[in-house]
Ligand SMILES: C[S@@+](CC[C@H](N)C(=O)[O-])C[C@H]1O[C@@H](n2cnc3c(N)ncnc32)[C@H](O)[C@@H]1O
């Protein structure tokens, strides 16, 4: 894989994330995932793709300690600023190469959790299985891995509009597909992959969860497209990006907008799972 093989640029920032995607880590949205964590006061937890720590903060009071890891220096800087303590630390790790982190992949963790990050991390086909194997290796025998991520069909409308905008600018369909930073697997794919690395799968499920976009002036659909779709937009010359974002907004206007109140919703499809190391 060429374009996605290296994390070239850090597109994340706490501010942009809060403006356009604060729902991702809201207690209401992550309720089912947190229930499956079943936090205990003695738990040593690894949070994969922890972002700016706001998701981690949801379960931090209920556990013993947490290490959050994320590829974004900017998100880890925010997490350390806001949440680092005796029981919480955060570190920059590109989880595509988690297996190389021998101080983390040491069979010492009671639980591994991940929210809204695995579809980015597993995009790179060449490291997909080694990352899952490393997650298995992190856990103690009897340990639990719980996750939620984009599943098959996630945000299909906006992904299609992003692909269209690129093709309209003369990029081939194949190249446009290659720029996608996401892998949205089915429940069947994930179950089989987890079993292949040794997990006993308790549950893997897909849920269609239409999600209301923020009404923040710097967020909304445009903010979401600029933040989450940054890698698509980077395939275009800089001067063409604003026009592409506008076109995507125009195409999606009637697709995502509810007539009763003008609110805008994306068709999120979540893939949730619980797997045990036995
Ligand atoms: C949508 S955010 C989710 C953050 C957090 N888990 C939450 O629920 O708010 C996705 C996160 O995945 C991280 N990410 C993407 N690719 C990654 C990789 N290869 N290794 C580690 N983290 C990665 C991004 O930096 C970003 O912080």
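The values are calculated or read from the model by the stated rules, or taken from the named source; none is laboratory data. All values reported here derive from a predicted model rather than from experimental measurement. Note: ideal-geometry Cβ built from the backbone for every residue, glycine included; neighbour counts use all protein chains shown.
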Response to the item:
Inside the stretch 190-210, the number of residues satisfying the requirement of being out of contact with any helix residue (DSSP H, G or I) (no Cβ under 6 Å at 6 or more places or on another chain), within 17 Å of residue 128 (Cβ to Cβ) and surrounded by fewer than 17 Cβ atoms within 10 Å (Cβ to Cβ) is 3
Worksheet item: From the residues in the stretch 54-68 that are near the ligand (Cβ under 8 Å from one of its atoms) and more than 20 Å from residue 134 (Cβ to Cβ), which one is surrounded by the most Cβ atoms within 10 Å (Cβ to Cβ)?
Response: 55
Worksheet item: Within the stretch 20-48, can you find the residues that are within 23 Å of residue 220 (Cα to Cα) and crowded, with 18+ Cβ neighbours inside 10 Å?
Response: 20, 21, 24, 25, 29, 30
Fill in: In the stretch 27-53, the residues that are at pLDDT 95 or above, over 22 Å from residue 201 (Cβ atoms) and within 13 Å of the ligand (Cβ to nearest atom)
50, 51, 52, 53
Worksheet item: For residue 107, which of the numbered conditions (1) surrounded by fewer than 20 Cβ atoms within 10 Å (Cβ to Cβ); (2) touching a helix residue (DSSP H, G or I) at 6+ places or on another chain (Cβ under 7 Å); (3) in a helix (DSSP H, G or I) fails to hold?
Response: (3)
Discussion item. Suppose the filter is more than 16 Å from the ligand (Cβ to nearest atom) and without any contact (Cβ under 8 Å) to a residue 40 or more places away in the chain; does residue 246 pass it?
Written reply: yes
Item to complete: Tally the residues that are under 30 Å from residue 142 (Cβ atoms) and in a helix (DSSP H, G or I), restricting the search to the stretch 194-244.
Response: 3
Worksheet item: Name the residues in the stretch 93-116 that are in contact with a strand residue (DSSP E or B) (Cβ under 7 Å, 6 or more places away or on another chain) and within 11 Å of the ligand (Cβ to nearest atom), would you?
Response: 93, 95, 113, 114, 115, 116
